[in-house]
Amino acid sequence: MYDGGKIIVGLIIGIGLLLSPFFYNAGKALKPPEPELTPKAKEAKVCVASKEYMTNNHMHLLDEWRQTVVRNAERYYESADGKVYYKSLQVTCLDCHSNKTKFCDQCHNYIGMDPYCWDCHLEPKENK
Amino acid sequence: MMGISRRGFLKVAGLSALMAALGKSGFELLRPGQVEASIPVTKGKRWAMAIDMRKVTPEIIEECKKSCHHYHNVPEFDNPKVEIKWIWGEEFEHAFPDQQHEYVSDLIKSLEFPLLCNHCSNPPCCRVCPTGATWQREDGIVMMDWHRCIGCRFCMAGCPYGSRSFNWGDPRKAPKELNPGFPTNPEFPTREVGVVEKCTFCNERIAKGQLPVCVEKANEMKKDSFIFGDLADPDSDIRKALRKHYSIRRKTELGTHPNIYYIIA
């Protein structure tokens, strides 16, 4: 092999560079962001469903809302505790959770999720 | 002689062809629209609008258009090739081409008619939509699901009234100088590029017991110029108005059964 030493050194440096992000981040896992509540959301204490259900299934609930509102004209939702909500992402959800960047985007960015809700539905005006 | 004779075969074939033609499917094939028209689509409600042309002025139409487009975040482009319109004004000749003639009265000629989606009882747009993104609700409203529209524009080709508009570009990138403060209503979504849109009879307002935006605005300017109501209820204001006055509808010969009535006299 011609120039064997140079090639091996080059390979080691190359592979080292390639793997450097792994060494750099070794041992420290990126913490999942915690959704932040606005004072209004804190004060309300309850969402339309339990916190556990909303964390895991908010996308299913929103999908069901959009189907039933648009296709069946069922515009009101009764929660388990009997409270009635107007089914609307833009009007109801974002009224409490008006901090979209801290409540929605943080987690969506963390998991590389890019929901297309906001192509049409308006984002709340935030004081950043 | 084996099996069936030529004569016998023709008899059976002819008879079955006749049966098929007389059957429901054959009937539907031969006379499209008739079967749908016979299906009861109402459950007590049939939303419709009567527009009193003796009261409507071009100013009223302009204000209706402004407030409707403001409420539904409809952008202005100032270019008829890409314009989006839910309600607009048009002269008699263009609104009622089938009834136009050389000697039509000066009064009729001078009128401007407010045009919008007719919310037809037999809507051709819904027949052609390949995704079910537009359909007729039980209360007669021809509704749209913008989530599901793929922008094929069959409905625009199907609609004989030009009531549907296509988003050739992102509505949020509409010229800023023509659309100050767009999107204008924070409680209503915008649409996105590649989606068809049209008047939805303000179904979200009806659900809350409010009148459509144009009706509210027009009646503010001139009382009872737009009458919105339920055709299924014989005592509704719209039925009373239609009983009392002579009204016309657009392009009725097409069999679409439009639900916007124009009171003439």
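The values are calculated or read from the model by the stated rules, or taken from the named source; none is laboratory data. From a predicted model like this one, the values you see are computed outputs, not experimental measurements. Ideal geometry is used to build each Cβ from the backbone, glycine not excepted, and the neighbour counts take in all protein chains shown.
Structure notes:
- Any strands (runs of 3 or more DSSP E) falling wholly within segment B:46-143 and containing at least 2 residues that are among the basic types (Lys, Arg) and closer than 30 Å to B:Phe182 by Cβ: none
- Here B:Asn167 passes the criteria (1) under 19 Å from B:Asn118 (Cβ atoms); (2) in contact (Cβ under 8 Å) with a residue 12 or more places away in the chain except the one numbered (1).
- Of the helices (runs of 4 or more DSSP H) lying entirely inside segment B:167-249, those containing at least 1 residues that are more than 13 Å from chain A (Cβ to nearest Cβ) and surrounded by fewer than 14 Cβ atoms within 10 Å (Cβ to Cβ) span B:213-221, B:237-244.
- Qualifying residue in segment B:36-44 (condition: among the charged types (D, E, K, R), over 22 Å from B:Met221 (Cβ atoms) and either out of contact with any helix residue (DSSP H, G or I) (no Cβ under 9 Å at 6 or more places or on another chain) or modelled with pLDDT of 65 or more (or both)): yes
- Answer residue from segment B:92-137, given it is among the β-branched types (Val, Ile, Thr) and within 14 Å of chain A (Cβ to nearest Cβ) and is nearest to B:Glu197 (Cα to Cα) among those: B:Thr134
- So B:Thr256, is it assigned to a loop (DSSP other than H, G, I, E, B) and either outside the structural domain of B:His119 (by TED's automatic domain parsing) or in contact with a helix residue (DSSP H, G or I) (Cβ under 9 Å, 6 or more places away or on another chain) (or both): yes
- Selection status of B:Gly209, in contact (Cβ under 8 Å) with a residue 60 or more places away in the chain and either within 20 Å of A:Asn72 (Cβ to Cβ) or of a type in the set (S, T, N, Q) (or both): no
- Checked against (1) out of contact with any helix residue (DSSP H, G or I) (no Cβ under 8 Å at 6 or more places or on another chain); (2) modelled with pLDDT of 95 or more, B:Pro130 passes all but condition (1).
- When every residue of segment B:143-161 is checked against the conditions, none turns out to be assigned by TED's automatic domain parsing to the domain that holds B:Pro258, at pLDDT below 95, touching a Leu at 6+ places or on another chain (Cβ under 9 Å) and not β-branched (Val, Ile, Thr).
- Extreme residue, farthest from the other protein chains (Cβ to nearest Cβ), among residues of segment B:148-166 that are aliphatic (A, V, I, L, M) and part of a helix (DSSP H, G or I): B:Ala157
- Picking from residues in segment A:61-100 that are within 13 Å of chain B (Cβ to nearest Cβ) and part of a loop (DSSP other than H, G, I, E, B), the one that is surrounded by the fewest Cβ atoms within 10 Å (Cβ to Cβ) is A:Glu74.
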